[in-house]
1. Give the accessible area for R67 in Å² (nearest 10); use a 1.4 Å probe, count only protein heavy atoms, and leave out ligands, DNA and RNA.
2. In whole Å, how far is the Cα centre of region 148-222 from that of region 6-66?
3. When a/c is below 1.5 the answer is rounded, else prolate if a/b is larger than b/c, else oblate, so apply that to region 113-201 with a ≥ b ≥ c taken from the square roots of the Cα gyration tensor eigenvalues.
4. Would you count, across the chain, every pair of lysines whose alpha carbons are under 22 angstrom apart, provided the pair is eight or more residues apart or spans two chains?
5. If you wrap a convex hull around the Cα atoms of the chain, how much volume per residue is inside, in Å³?
6. Could you list, bin by bin from short to long, the percent of Cα-Cα pairs of region 149-252 in 10 Å steps?
7. Round to the nearest 10 and give me the degree value, 0 to 90, for the angle of helix 117-130's Cα axis relative to the longest principal axis of the chain.
8. If each DSSP helix of 4+ residues adds -39,500 (n - 2.57) and the sum is divided by the residues in the chain, what number results at 222 nm, nearest 500 deg cm²/dmol?
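The values are calculated or read from the model by the stated rules, or taken from the named source; none is laboratory data. Treat the numbers as computed from the prediction; the structure is a model and nothing was measured. Every residue, glycine as well, gets a Cβ built from its backbone with ideal geometry; the counts of neighbours run over all protein chains shown. Just the protein is used for accessible areas: all its heavy atoms, side chains included, with ligands, DNA and RNA removed. Shrake-Rupley method; radii C 1.70, N 1.55, O 1.52, S 1.80 Å.
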Amino acid sequence: MGVGIEVKDLNAWYGSNHTLQDINLNIQPNEATALIGPSGCGKSTFVRCLNRMHETNPIAKVTGSVRIGDLDIYNDASPVEVRRRIGMVFQRPNPFPTMSIYDNVASGLRLNGFRNRRVLDEVVERSLKHAALWDEVKDELKKKSGASLSGGQQQRLCIARALAVDPEVLLMDEPASALDPVSTAKIEDLIFQLKSQYTIIIVTHNMQQAARVAERTGFFLNGKLVEFDSTHKIFTNPRDKRTEDYITGRFG
Ligand SMILES: Nc1ncnc2c1ncn2[C@@H]1O[C@H](COP(=O)(O)OP(=O)(O)O)[C@@H](O)[C@H]1O
Ligand SMILES: [Mg+2]
């Protein structure tokens with residue numbers, strides 16, 4: 001099941017660049033939350049703070065607290081544990097290119113020590129079904145490589161790989177911006193289905209996409225969360241002038 005996320009006084013830096021400033025928000029379980037805002041405003045940095053990937057950069061620093069369910073991720077858990085519970089999908093699909101489809105999906109489980117063939121088979125099948133890719137690949141699981149799939153299929157493969165380790169949250173950083181419209185629609189459909197089981201955060205440049213898939217939307221500008229509310233409110237009657245200017249296309 002998805003879990004809620006509570007972010008308190010989150011600040012992040014790259015060297016002396018104070019990239020995120022005093023971010024506070026609560027993300028609801030089993031919803032999709034969209035994050036919008038102009039390029040460079042800190043959206044990717046924010047999602048990377050939610051699974052402790054930000055700190056893998058040697059010049060990065062982060063302060064504040066993030067609770068995912070009952071887990072205080074900066075105090076109660078190791079980065080490895082956090083990344084198992086909070087899966088991530090990136091803008092460019094990044095399957096392991098030389099691995100088969102099967103091995104791509106099984107990779108996280110194998111890293112966690114799973115060896116039982118029957119269990120792996122089951123998880124691979126279930127994950128590919130959840131990612132709406134099973135029917136397209138089931139006859140070639142071990143024959144085809146991750147890299148031989150189309151871009152949209154590769155992205156669904158990456159989603160299957162993320163789901164295989166049974167996360168509670170799925171972070172998607174512009175998951176469809178490198179895809180064609182048909183593949184994009186498939187990813188959006190998938191987000192709808194996945195919400196019942198996971199909490200989803202999607203960074204998107206595409207405001208129509210945010211409006212279609214997300215219950216709530218946050219607008220970032222220059223490292224600050226300017227406004228966070230129901231998607232309907234953000235797009236029809238935002239509180240902040242800067243949000244209104246952005247959604248009406250006055251900048252960004
Ligand atoms: N690896 C990095 N090293 C130094 N600065 C970075 C790095 N990644 C991002 N930044 C800076 O952090 C700010 C926010 O970037 P980012 O989170 O990628 O924004 P967005 O995803 O909204 O486009 C930008 O000023 C960017 O230049
Ligand atoms: Mg980004």
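1. 90
2. Cα centres, region 148-222 to region 6-66: 18 Å.
3. Working: a/c = 2.01, a/b = 1.22, b/c = 1.64.
Verdict is oblate for region 113-201.
4. Summing the qualifying lysine pairs gives 22.
5. Details: hull volume 30.8 nm³, N = 252.
Taking the convex hull of the Cα positions in the chain, it is 122 Å³ per residue.
6. 13, 44, 30, 12, 0
7. 50
8. Working: 10 runs with 91 residues, N = 252.
Mean residue ellipticity at 222 nm (helix-derived): -10000 deg cm²/dmol.
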